[in-house]
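Only one structure is covered here, and it is reproduced in the block below.
The values are calculated or read from the model by the stated rules, or taken from the named source; none is laboratory data. What you are looking at is a predicted structure, and each value in this text was computed from that prediction instead of being measured. As a convention, Cβ positions derive from the backbone with ideal geometry for all residues, glycine included, and neighbour counts pool all protein chains shown. With ligands, DNA and RNA removed, areas are computed over all heavy atoms of the protein, side chains included. Shrake-Rupley method; radii C 1.70, N 1.55, O 1.52, S 1.80 Å.
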Amino acid sequence: MNMRGWVIGFLEDDPDQAGLIQLWLQHAGYRTSLFASAAEFRRRLGSEAVDLLLLDWMLPDASGVEVLEWIRHSANADLPVVFLTARAAEADIVRGLEAGADDYVVKPPKQAELLARVAAVLRRRVGEPEAPTTLELTPYTFDLPRRRAAVDGRDVELTQREFDLASYLFRRHGRIVSRDALLENVWNLGPSITTRTVDTHVSRLRKKLELNGEHGWRLTAVYQHGYRLEQA
């Protein structure tokens, strides 16, 4: 799985700590979004692409556990979350994991270990399942080995690239997917490349699969961020 192009969010009110971790992540090829408070995170999450969240426990307006519980009961319930906090007591670690965290890292983190943990969580939570055969999101069905798509049992002819794009978006339904992530993971191109090919393919896919709400799903553009496949 190509990790480059994924967006890592970091909810941290210490600007020095946030800046250092952001630098590490960017050097590893990730894109980053920084949030200084729980309120800012909640406000921006609905319109920004975040593939994994690094979460501090002690925030100015809420605890990390409260933020995590809010995430797990929101439309972004499947967002991978890794605690990055100075709270090192066993009881805190257990509480964080039981609240739904995917991993727990105690400050000060070691660069290589933190990056390895982020990559591992992304592979588990965002990565493709082992030996996949079908992908279903009623009424859509994708036969992955044979690269065939169907709507309500009716075959839809897709090019190889359109099929790859569709399966990528359908695996991440309900979440914003950035153009850079699509270029990296569907086209295997760097995020610095300027191209309209993503928009063109999305437009064709929307038409072929009738992702306009007619079948209960809509593929929408999120201004300046990317696309989201969502329930109509």
Distant-in-sequence amide H partners of Arg148 (H built 1.01 Å from N, under 5 Å): Asp143
In terms of the alpha carbon gyration tensor, root eigenvalues a ≥ b ≥ c, rounded if a/c is under 1.5 and otherwise prolate when a/b exceeds b/c or oblate, segment 1-129 is rounded
Find the accessible area per residue for the chain; the probe is 1.4 Å, ligands and nucleic acids are left out, and the unit is Å². 49 Å²
Per residue, what volume in Å³ does the convex hull of the Cα atoms of segment 143-206 enclose? 91 Å³
Taking the chain, how much of its Cα-Cα pair set, in percent, is spaced more than 28 angstrom apart? 34 percent
Toy charge model, Lys and Arg Cβ at +1, Asp and Glu Cβ at -1: segment 12-162 dipole around Cα centroid in debye, rounded to 20, equals 360 debye
Using a 1.4 angstrom probe on heavy atoms only, work out the carbon and sulfur share of the accessible area of segment 146-225 in %. 43 percent
Quick check: from the Cα gyration tensor, does segment 55-134 come out rounded (a/c under 1.5), prolate or oblate? oblate
Kirkwood-based Rg/Rh on the Cα set of segment 1-75 evaluates to 0.96
Ranking request for peptides 8-18, 198-208: highest mean number of other beta-carbon atoms within 10 Å first, then the rest in descending order. 8-18, 198-208
Computed over the chain: longest principal axis from alpha-carbon atoms vs helix 15-27 long axis, angle to nearest 10 degrees, is 40 degrees
Any trypsin sites (Lys or Arg not before Pro) in segment 1-103 that lie in a DSSP loop and have at most 16 other Cβ atoms within 10 Å would be Arg4
As an exercise, identify the GluC sites (Glu not before Pro) in segment 52-133 lying in DSSP coil whose Cβ has no more than 14 other Cβ atoms within 10 Å. Glu130
